[in-house]
Each structure stands twice: as structure tokens, then as C-alpha cells.
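Take a look at the structure below.
The values are calculated or read from the model by the stated rules, or taken from the named source; none is laboratory data. Quick caveat, the model's predicted, so the values are computed rather than measured. FYI the Cβ positions are ideal-geometry reconstructions off the backbone, even for glycines, and counts take in every protein chain you see.
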Amino acid sequence: MAQNKIAVIRGDGIGGEVIGQGIRVINALEKRHNFRLKYTELPWGSDWYFNTGAMMPHDAIDQLSNYDAIYLGAVGHPDLQDHLTLNGLLLPIRRAFDQYVCLRPSILYPGITSPLNGYKSGDIDLVVIRENTEGEYANAGGFQYLDFSTELAVQTAIFTRHGCERVIKYAFDLAVSRGKQNRVTSITKSNAQGYGMVVWDRAFERIAAEYPNIETESLLIDAACMEFIRSPNSFDVVVGSNLFGDILSDIGGMITGSIGLSPSANIDPERRFPSMFEPVHGSAPDIAGKGISNPIATILSGAMMLKHLGQEQASNEIEAAVLEVLSRKTILTQDLGGMATTIEMGDAIIQALN
Ligand code: NAD
Ligand code: IPM
Ligand code: MN
């Protein structure tokens, strides 16, 4: 029997409840597909911070390196500054494990009404590939004269040829393997950011030349935001820097019904380190503790984790069960216009699996 060790970081807010449903759904498939995931709960996050002054232990990265994958809920607490919480947990994990590909699909599922008029199931089927280790999120910068009237900050974006080329190459390979529109869109802002984004554009041109059968397009981020609303069906694979990919993946979530449906995978394609699977959304403090969050983004992130671990069949079954529940339109959480609780949605998906 295939066995894998999974580090579970539920984190903050709705993180715990959505991960709970993700694990239940995976458990429901283990026997049928003869695999077993062995979970270790790591109680890191904002509560850990309140007790210890850090979001996770000093040797957290060492500890995590012993696992085959990380399943993460969300991080962020209204009483703590986000730069402390996110730079104390989520972002260092992505960087330390060189999870340079952040894969974020946006699909308009059956039963879901897009806020955009005239789109029906399947009309939107795009994936944002986000560079996940450098760019605008490089941990480079500093303050001077903090707390004085002269306070200033330097925040440096880092774009390396290597870093850009490898993620862009992944995007092209994905366009080939998807076999859909055979198109890769690069997101840039080299009109204003004439250094880093130029390295990005040059990397895109070099890699594009290796894929003569893939159509390419380069859009400025502002125009890309507009096109995600105006003609989302024109996108297949979209590749962007850390910040641009972050922004576009929230838009991708909303135009396909709810960010509560959007999964994400932080991948080390070379498999040197554990990859991390988490929803696109955050800890949603506005609905935390109410038991009404939509667990589907996390359940689908679990499906991505299973695929990464070689359980493709089980992964496909989860996606099929989610599609079935959504198309029935009877059990829907509030973000989708329904009344179902987080647990009721988990129950419905497990029933659909059976
Ligand atoms: P958010 O994604 O947490 O919430 C945005 C809106 O979407 C809220 O109205 C929320 O209720 C709703 N929403 C999100 N997920 C939902 C779900 N599963 N079901 C139903 N509704 C859902 O974004 P935010 O409010 O900007 O951020 C809240 C906190 O989370 C901040 O501290 C932020 O830094 C953090 N955050 C963390 C991650 C992460 O851990 N990966 C991602 C995004 C934001
Ligand atoms: C995401 C989140 C994070 C990001 C934040 C919380 C740092 O918004 O995963 O999309 O920007 O990467
Ligand atoms: Mn985001």
C-alpha cells in the first residue's frame, strides 16, 4: 500500500475547518484506492505566535522537510500584522522549499453562475501559473528611521533569468499537456518597471521560441485584469510574477463563482522538497468560527495533493464528486448563494464519492 507523510498546518480563522473537510474527503478514498496518508498536525500559526512570539518553531523547515507534502489551511489574524504572520510562516515555506510554481486553476463549474453575464459551465477554464519564490515577494528590503517623521522603506523586487525561465517553461509545458487552447499569456509591466519586468519579458521570449506550436501573448497587468473580466474565455495558461499572479488568481476565483472554490498548489517540480497545497483564499476573519466557509477550495487542493503523490484516480474522483454536488445546486454554501454549512458541504461531497 502506498503511504505518504503529510504535514498539516491548519493555521488561522477558517483554515482549521476547511482542512478538516479536506482530510475527511481524502480519508473516504483511501481504502478504495489502497493508499494511506499519515497526517501530523503542526499547531503553528497565530495562536502559536501568541504563546511563543513566533509563527512556527525555529526548526520548522527542518521538521517539514521530513514530509512528502504540506496541507495548509490559511494564515492571518486580525490582531496581528499580516507582514509578521505571513513572513513568519507561509512565505518562508514557499521559498525554503523552492516551490517556484504556484498553480491556480479557475474553472467555471456546472451549476455555478459567474458574475459575468453570458458564461456557462466550461466557458472559463484557465490556469494561472504564478512565480512563487522571488519577484515582488523577494524578502529584500528594510526600514530606516522607523517611527520617526522621516521613516522610509526600501522594498526590492528580484527577477533572475533562472527564476523567470524555469516558471515560464513550466507554463509552456502545461499548455502542451493540457492540449486546450495551446496558448500562454505572459503578464508584464515593463512599460513602468523597466528592469525586473524586462528580464521577465526576455525570458518569456526565449522560452516561447522553444515552443513553436504554442501561441503566445504578452499583456500588461492592468490590461490583463480588464481582459479577465471582458473575455476570460480567451485565456488558457497565464504566467505571471509573484504579485501579478496573486492578484489575477483572486479575479480568477471570483469570475468562476467564488474564491471559496479556488484551489492552489505550491510546487517544487523537481521534487527535492515537499510541495504545499492550500486554498487561494485566506483565513476569512469575517466568517471565522461560524462554520459556514466553503471547504471546496481546500478539498480541491487536497485533490491536487493526491495527484502530486501519484493518486491520480482518487484525485479525479474528488473533482468529479465536487462537480456533481455543485451541479445539483441543492447543497451550496453561502458564498454560492446557499445555506449549507462547511460540514454539510463535506458530507455531500463524501456521499457523492460513494
Ligand atoms: P480572504 O480570502 O480571507 O477573504 C476575502 C473574502 O472572501 C471574505 O469576505 C471571506 O469571507 C471570503 N471567503 C474567503 N474564503 C472563503 C471560503 N472558503 N468560503 C466562503 N467565503 C470565503 O482574504 P482577506 O480578507 O483579504 O484576508 C484575510 C486574512 O487572510 C489576512 O490576514 C490575509 O493576509 C490572509 N490571507 C492568507 C492567505 C493564505 O494563508 N494563503 C491567503 C490570502 C489571505
Ligand atoms: C495567497 C495569499 C498570500 C500571497 C499572502 C497571504 C501573503 O494572498 O496565497 O494568494 O500573496 O501569496
Ligand atoms: Mn492571494
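Exactly one residue out of Thr133, Thr113 is surrounded by 17 or more Cβ atoms within 10 Å (Cβ to Cβ) and either free of Cβ contacts under 8 Å to residues at least 60 places away in the same chain or of a type in the set (Val, Ile, Thr) (or both): that is Thr133. The set of residues from segment 56-73 being in contact with a Ser or Thr (Cβ under 9 Å, 6 or more places away or on another chain) and among the small types (Gly, Ala, Ser) comprises Ala69, Gly73.
Looking only at segment 265-301, residues that are near ligand 1 (Cβ under 8 Å from one of its atoms), crowded, with 23+ Cβ neighbours inside 10 Å and not hydrophobic (A, V, I, L, M, F, W, C) come to 8 in all.
Restricted to helices (runs of 4 or more DSSP H) entirely inside segment 162-270, those with at least 2 residues that are under 20 Å from the mean Cα position of the chain (by Cα) and of a type in the set (A, V, I, L, M) are 221-230, 242-255. The criterion of at least 3 residues that are of a type in the set (Ser, Thr, Tyr) and over 17 Å from Ser275 (Cβ atoms) is met by none of the strands (runs of 3 or more DSSP E) wholly inside segment 1-86.
For Arg104, the conditions (1) within 30 Å of Phe235 (Cα to Cα); (2) touching a Phe, Trp or Tyr at 6+ places or on another chain (Cβ under 6 Å) all hold with the exception of (2).
Quick grid of which residues meet (1) over 22 Å from Gly253 (Cα atoms); (2) more than 23 Å from the chain's Cα centre (by Cα):
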residue: Ile287; (1), (2): no, no
residue: Ser293; (1), (2): no, no
residue: Thr298; (1), (2): no, no
residue: Lys307; (1), (2): no, no
residue: Ile318; (1), (2): no, no
residue: Leu323; (1), (2): no, no
residue: Arg328; (1), (2): no, yes
residue: Gln334; (1), (2): no, no
residue: Gln351; (1), (2): yes, yes
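Residues in segment 78-87 that are surrounded by fewer than 21 Cβ atoms within 10 Å (Cβ to Cβ) and not hydrophobic (A, V, I, L, M, F, W, C): Pro78, Asp79, Gln81, Asp82, His83, Asn87.
From Asp286, Asp268, grab the single residue that is in contact with a strand residue (DSSP E or B) (Cβ under 9 Å, 6 or more places away or on another chain) and among the acidic types (Asp, Glu).
Asp268
Scanning segment 224-264 for residues that are touching a Lys or Arg at 6+ places or on another chain (Cβ under 9 Å), within 12 Å of ligand 1 (Cβ to nearest atom) and over 24 Å from Leu332 (Cβ atoms) gives a single hit, Asp246. Note on segment 277-309: among residues that are among the hydrophobic types (A, V, I, L, M, F, W, C) and touching a Phe, Trp or Tyr at 6+ places or on another chain (Cβ under 7 Å), the one that is nearest to ligand 2 (Cβ to nearest atom) is Phe277. Within segment 269-305, the residues that satisfy the criterion of being hydroxyl-bearing (Ser, Thr, Tyr) and within 14 Å of ligand 3 (Cβ to nearest atom) are Ser283, Ser301. For Ser249, indicate whether it is outside the structural domain of Val75 (by TED's automatic domain parsing) and in contact (Cβ under 8 Å) with a residue 40 or more places away in the chain. Spelling it out, Ser249 is indeed outside the structural domain of Val75 (by TED's automatic domain parsing) and in contact (Cβ under 8 Å) with a residue 40 or more places away in the chain.
This table checks each residue for (1) closer than 24 Å to Ser262 by Cβ; (2) within 16 Å of ligand 2 (Cβ to nearest atom); (3) touching a helix residue (DSSP H, G or I) at 6+ places or on another chain (Cβ under 6 Å); (4) assigned by TED's automatic domain parsing to the domain that holds Arg130.
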site: Pro43; (1), (2), (3), (4): no, no, no, no
site: Met55; (1), (2), (3), (4): yes, yes, yes, no
site: Leu84; (1), (2), (3), (4): no, yes, no, no
site: Pro92; (1), (2), (3), (4): yes, yes, no, no
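If you take the residues of segment 31-74 that are more than 14 Å from ligand 1 (Cβ to nearest atom) and surrounded by 20 or more Cβ atoms within 10 Å (Cβ to Cβ), which of them is nearest to the chain's Cα centre (by Cα)? Only one residue tops the list, namely Ala69. Within segment 150-165, is there a residue that is among the basic types (Lys, Arg) and outside the structural domain of Phe228 (by TED's automatic domain parsing)? Scanning segment 150-165, I find no residue that is among the basic types (Lys, Arg) and outside the structural domain of Phe228 (by TED's automatic domain parsing), so the answer is no. If you check Ala208 against the conditions, is it within 16 Å of ligand 3 (Cβ to nearest atom) and within 20 Å of Tyr100 (Cβ to Cβ)? Answer is no for this residue.
Exactly one residue out of Val18, Val8 is within 16 Å of ligand 3 (Cβ to nearest atom) and either small (Gly, Ala, Ser) or touching a helix residue (DSSP H, G or I) at 6+ places or on another chain (Cβ under 7 Å) (or both), and it is Val18.
In segment 26-40, the residues that are among the aromatic types (Phe, Trp, Tyr) form Cβ pairs under 6 Å with partners that are assigned to a strand (DSSP E or B) and surrounded by 12 or more Cβ atoms within 10 Å (Cβ to Cβ), at six or more places apart or across chains, as follows: Phe35/Ala2; Tyr39/Ile6; Tyr39/Val8.
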